[in-house]
Structure formats: C-alpha cells, structure tokens
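The values are calculated or read from the model by the stated rules, or taken from the named source; none is laboratory data. Because the structure is a prediction, the values reported are computed rather than measured. Cβ atoms come from the backbone with ideal geometry, glycine included; neighbour counts cover every protein chain shown.
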Amino acid sequence: MSSKYLMLKKAIKDKRVTVGVVGLGYVGMPTTLALTQAGIRVIGIDIDKARVRRLNGSHDSRRFTATANWTEIKKCKVILIAVPTPLTKNKAPDVSAIESAAKNIAKYLSKDSLVILESTTYPGTTEELVKPILEKPGRVSGKDFYLAYAPERIDPGNKFPFNDIPKVVGGMDKKSTDLAATFYLTFLKNVHKVSSPRAAEFTKLLENIFRLVNVSAINELNLLADKMGIDIWEAIEAAKTKPYGYMPFYPGPGIGGHCIGVDPFYLSWKAKEYGFFARFIELAGEINELMPHHVVTKVIWALNCIKKSLRGSKILVLGVAYKKDIDDARESPAIPIIKDLLRKGADVSYHDPFVPQIKIGNHQFKSAPLSKPLLKNADCILILTDHSTLDYSTVTKSAKLIVDTRHTIKEKMPNVIHL
Ligand SMILES: NC(=O)c1ccc[n+]([C@@H]2O[C@H](COP(=O)([O-])OP(=O)(O)OC[C@H]3O[C@@H](n4cnc5c(N)ncnc54)[C@H](O)[C@@H]3O)[C@@H](O)[C@H]2O)c1
C-alpha cells in the first residue's frame, strides 16, 4: 500500500481534511451541515454569487465558508460534486454543470485528493466524463488522485435523519472505494460499497425509476377507477391491509421536482447507446405528462356541473410546490396546469405558504394571503399540493367547489370532487 494513500485515509478518518462541496443547493447544504456538525471543515463552492453571500452570512464561519473562487479547491483533500443534472427541452441529459465543475476542479486539484460525484446521472458519467477531465493535466486516477461516485438519496421534506441514510459508494478502483467509504463513515452511520461508479450510478436510477413507474401506474389506475365509478383511495386502503407483497403509492396531479420526473430519462437516453429501449420508463413518463391535462379536464367538468365555463372563472390553486411541506416548485405539475388554465381563459391565483412567488410563462404570480373572502370568491379551488399547515376545514366550509388532486379532504362532501 502506498504511504500517501494511507496518510490520506488516516487524515480523512481523523477528520483532519477540509472538504470542498461544489454546488450548495438542496443536496450540497444538508451535506455541508452534516459534515460541520461532525466537526469537519467545509469550503462550499458555488457559481451563484448571491447564494454564496447569503450562506456566508447565515452559517457558522469557523467550520464553513462559501465562495465562488475555484482556487479554494487547492485547500480541499476531499471534494464532493453536487451540481444540478436537469434535462434539455428534448429530455436528453444536461451534464454541463458536472462538466464545468470538473474542469474547474481539475485546474486546482491537489495531489492525492479524493473527488466524489454525488449528482444523479447516467451510468458511465464518472468514468467517461469526469475521469478524463480530471486526468487531463497529466494525472492518473487511482494513482495521483482518487475518484468515486456516491449518489445522494435525500428526500426533501422527509424527516428521516440525514446521517441515517445509508450511502452507496462505488469507486474507480479499490482504493477510491475504500477512501470514499472511510470518508462517509466519519459523518454517516452506514455505507454500502458496490463494485464500480457505474453500479452506484445505476443504483440511484433504479431507486428513482421504481418510484416513477409505480406512481405512474397508480395514476393510470386512478383514471380507470374514475371511469368505473370506483374510489381508488378506498381500494388503496384495502390493499394496504395485505401483510406482504404490496407497497402503497398514491395518485396525484403528476410527478414533479428535480428527481423522479427527470432522472429516469438519463437511463432511457443512455440505454439507446446499447440498442435498448427502456419502455417502462418512457411509458411511465408519458402517463406522467398526461396528468396535468387530466387535472384541467376535471376542473372543466366540475365547473360544468355548476353551469360554469372555465373561461372567466376564478380558480384558486392551493399549493404549487411539487410535494407537500417543501418550497421546491421545480418541474411541479402546478406549472403546466396553471399554464393550461390561463390558456383556456381562467382567472388564476394561488396560495402556497412555502412558495411566495412563481413565474409561469409571462405571468409573475404572488402567493395570495389565505382568507375567507379569497376562498369564498373563487369559483373553484384546486388543491395541487397537500401542505400540512393549511386549515382544510375552513377551506371546505368556505368553498363553492373544490377539485382535490391529493385526497386531502377525506370525507365525501357535495362540493368536493376528487381526481
Ligand atoms: N433535490 C433533491 O431532492 C435531490 C435528491 C437526491 C439527489 N439530487 C441530485 O443532486 C444534484 C443537485 O441537486 P440539487 O437539488 O441540490 O440542485 P440545486 O439546484 O438545489 O443546487 C445546485 C447548486 O449548484 C450550483 N451550480 C450550478 N452549476 C454549478 C457549477 N458548474 N459549479 C458550481 N456550482 C454550480 C447552483 O448555483 C446551485 O446552488 C442533482 O444531480 C440532483 O438530481 C437531488
């Protein structure tokens, strides 16, 4: 064993290394917090200067500083990359943030450092994209630096303790896997090693595809149950009594967020390189894309029942975040739904305690303060996110008509229509 590798391992184990966290968002910040709480010094690097300023003002400066200056990489022996991995308009992976972060890291990476990619991405990214960039200045992975992939599995809004989420780790070589595992065990309880970065990359996508396919399946079954006059929620509650072999998923207005509706398409894109068409992923995506249309149709139908047309009707949307109790509206089904309502001539406003404003198309919306007059004034209230802080009994008492896409209101009431 090389002594430099053993020295790095010991420094990591003793928490004597400074960790660089590249990308200070929904993943980077909780990771930073867990590291600093474990007594590890973190330098956070982000291209968003306003975010850097804000974070410097609000965190413990002894253990954490944020910067937009890439030369700080020189001070870091462990570097985590947690930058966004969105899709292009045509649903192809956009790994430009990983590429640009890797290029900047390559400029200042010190010898015998460990780089770990955490962003969700297609199998092969660490090996095919990140490794050649880091190796370019004449370095060799596994010899001059160590490289691994370890997906983040955080679920925003979920109270499950961050340190208790087991970390899957796959290094380019045994030493990289071992160093990455050693690193995570300094602040997390469990690590699960796999044989390669590709296996770890695939694992993360497997988890997200499992959710996409199951949520889309229950959404499709909901459409059918609706046609058959069957209450899907009654069926789900009944199915849940089975002691094994069933796991509940719930219908809704469509999947949103930066993960479940996005990541699976990284794999279906990569699959084509192997002459393989990932049909389940594409089908699940198709059903998910159709859900906002179904929600708008339901609103039209509900208004029709009270002899109103959507054009000119006041629609109050409750919740624009993609799921409850969080402030994230990225890829939220609320966006295509509101767009379509506007296109069809509705007068739309919204309330969301977590999202003070949102831009949809050319419209800049501000969350309207929730009041009885606001509720009473709406021709239809459309519940898109079931935030737990809202008083739904006041909502139901004041509303003329409610379309509830989340089964927030459990009782059957004449003014409430479920999706
Ligand atoms: N949000 C989640 O729940 C979640 C969960 C698990 C995994 N992930 C994955 O983690 C990754 C990060 O997601 P996120 O939700 O934290 O994103 P985010 O948008 O909240 O944060 C990303 C941060 O990276 C910064 N950034 C963008 N390009 C950069 C660059 N080239 N160099 C340095 N900084 C850059 C942005 O300014 C931003 O602050 C994605 O791959 C995502 O799929 C997200």
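Hey, can you tell me all the residues within the range 256-315 that are in a loop (DSSP other than H, G, I, E, B), exposed (fewer than 14 other Cβ atoms within 10 Å of the Cβ) and either touching a Lys or Arg at 6+ places or on another chain (Cβ under 8 Å) or not aromatic (Phe, Trp, Tyr) (or both)? Step through it out loud before you land on a result.
So in the range 256-315, the residues in a loop (DSSP other than H, G, I, E, B) come out as 256-263, 275-278, 306-313.
Those still in the list that are exposed (fewer than 14 other Cβ atoms within 10 Å of the Cβ) too: 275-277, 306-307, 309, 311-312.
Matches in the range 256-315: 275, 306, 307, 309, 311, 312.
Contact map, the range 121-132: residues that are under 17 Å from residue 83 (Cβ atoms) paired with residues that are of a type in the set (Phe, Trp, Tyr), Cβ distance under 8 Å, separation 6+ or inter-chain. Pairs shown: 121/266; 122/266; 122/269; 125/149; 126/149. Condition test on residue 376, is it over 30 Å from residue 84 (Cβ atoms) and part of a helix (DSSP H, G or I)? Yes, satisfied.
Checked against (1) more than 16 Å from the ligand (Cβ to nearest atom); (2) touching a helix residue (DSSP H, G or I) at 6+ places or on another chain (Cβ under 9 Å); (3) under 20 Å from residue 210 (Cα atoms), residue 334 passes all but a single condition, namely (3). Residues in the range 52-95 that are under 17 Å from residue 267 (Cα atoms) and within 14 Å of the ligand (Cβ to nearest atom) were compared, and the one that is surrounded by the fewest Cβ atoms within 10 Å (Cβ to Cβ) is 86.
Taking the criterion of being hydrophobic (A, V, I, L, M, F, W, C) and free of Cβ contacts under 8 Å to residues at least 24 places away in the same chain, the only residue of the range 371-402 that qualifies is 402. Among the residues making up the range 209-248, those that are within 20 Å of the chain's Cα centre (by Cα), closer than 28 Å to residue 409 by Cα and either within 16 Å of the ligand (Cβ to nearest atom) or at pLDDT below 95 (or both) are 210, 211, 212, 215.
The requirement of being surrounded by 15 or more Cβ atoms within 10 Å (Cβ to Cβ) and out of contact with any helix residue (DSSP H, G or I) (no Cβ under 9 Å at 6 or more places or on another chain) is not satisfied by residue 108.
Tell me, yes or no, whether the range 192-204 has at least one residue that is charged (D, E, K, R), within 29 Å of residue 254 (Cβ to Cβ) and either in the same structural domain as residue 283 (by TED's automatic domain parsing) or away from the ligand (no atom under 14 Å from the Cβ) (or both). Walk me through how you get there before you give the answer.
Quick first cut of the range 192-204, residues charged (D, E, K, R) only: 193, 198, 201, 204.
The next check asks that each one be within 29 Å of residue 254 (Cβ to Cβ); those that pass are 201, 204.
Remaining after also requiring either in the same structural domain as residue 283 (by TED's automatic domain parsing) or away from the ligand (no atom under 14 Å from the Cβ) (or both): 201, 204.
For the range 192-204, residues charged (D, E, K, R), within 29 Å of residue 254 (Cβ to Cβ) and either in the same structural domain as residue 283 (by TED's automatic domain parsing) or away from the ligand (no atom under 14 Å from the Cβ) (or both): present.
Could you list, in sequence order, all residues of the range 19-42 that are touching a residue at least 60 places away in the same chain (Cβ under 8 Å) and away from the ligand (no atom under 11 Å from the Cβ)? Within the range 19-42, 19, 33, 34, 35, 37, 38, 40 meet the criteria. Taking the criterion of being crowded, with 22+ Cβ neighbours inside 10 Å, under 29 Å from residue 341 (Cβ atoms) and in the same structural domain as residue 336 (by TED's automatic domain parsing), would at least one residue in the range 218-229 satisfy it? Scanning the range 218-229 turns up at least one residue that is crowded, with 22+ Cβ neighbours inside 10 Å, under 29 Å from residue 341 (Cβ atoms) and in the same structural domain as residue 336 (by TED's automatic domain parsing). The residues of the range 350-372 that are within 17 Å of residue 385 (Cα to Cα) and assigned to a loop (DSSP other than H, G, I, E, B), listed by number, are 352, 353, 354, 355, 356, 367, 368, 369, 370.
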